[in-house]
């Protein structure tokens with residue numbers, strides 16, 4: 001009895017470049033630049049901070065290791081994961097953006113998106129510390145006789 005041959009097909013799905021860096025991705029991969037001279041110059045200047053490893057785009061920071069560039073959709077997932085799920089500390093916007101970079105991800109609007117995400121978090125508003133300082137600035141009162149109430153011998 002003969003066993004029929006099983007044919008297995010595997011379709012390789014390569015990661016797509018995030019939408020905000022398509023021109024940089026294209027330049028690094030094929031050396032193509034847009035026809036517009038201004039855009040071409042801008043891309044050539046920006047491309048020095050990026051590198052392409054196995055068709056995945058990374059950003060080189062000043063004092064950070066290579067950070068993987070992600071799209072806006074991936075960024076929302078990463079923010080949700082760090083803010084309230086696995087690492088769930090419900091930290092503020094600036095701390096959240098710092099955690100995202102320490103985890104190894106980058107996108108240009110990370111700080112703005114982190115602050116915006118933190119403002120939308122309902123639990124952060126429910127359990128936030130209530131400020132105990134006055135709503136308006138305190139006015140100091142000067143005394144015309146500073147030691148009149150204490151009485152000096």
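The values are calculated or read from the model by the stated rules, or taken from the named source; none is laboratory data. Nothing here was measured: the structure is a model prediction, and the numbers come from that model. Glycine also receives a Cβ, built like all others from the backbone with ideal geometry; neighbour counts cover every protein chain displayed.
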Seminar exercise, completed: So, first residue within 30 Å of residue 82 (Cα to Cα) in the stretch 124-144, second residue modelled with pLDDT of 75 or more and in a loop (DSSP other than H, G, I, E, B), Cβ within less than 6 Å, six or more apart or across chains; the pairs are 124/90
Exercise. What tally of residues in the stretch 78-97 results from selecting those that are closer than 23 Å to residue 52 by Cα and either exposed (fewer than 15 other Cβ atoms within 10 Å of the Cβ) or without any contact (Cβ under 8 Å) to a residue 12 or more places away in the chain (or both)?
Worked result: 0
Problem set entry | From the options 136, 123, residue that is assigned to a helix (DSSP H, G or I), more than 18 Å from residue 61 (Cα to Cα) and at pLDDT below 90 | 123
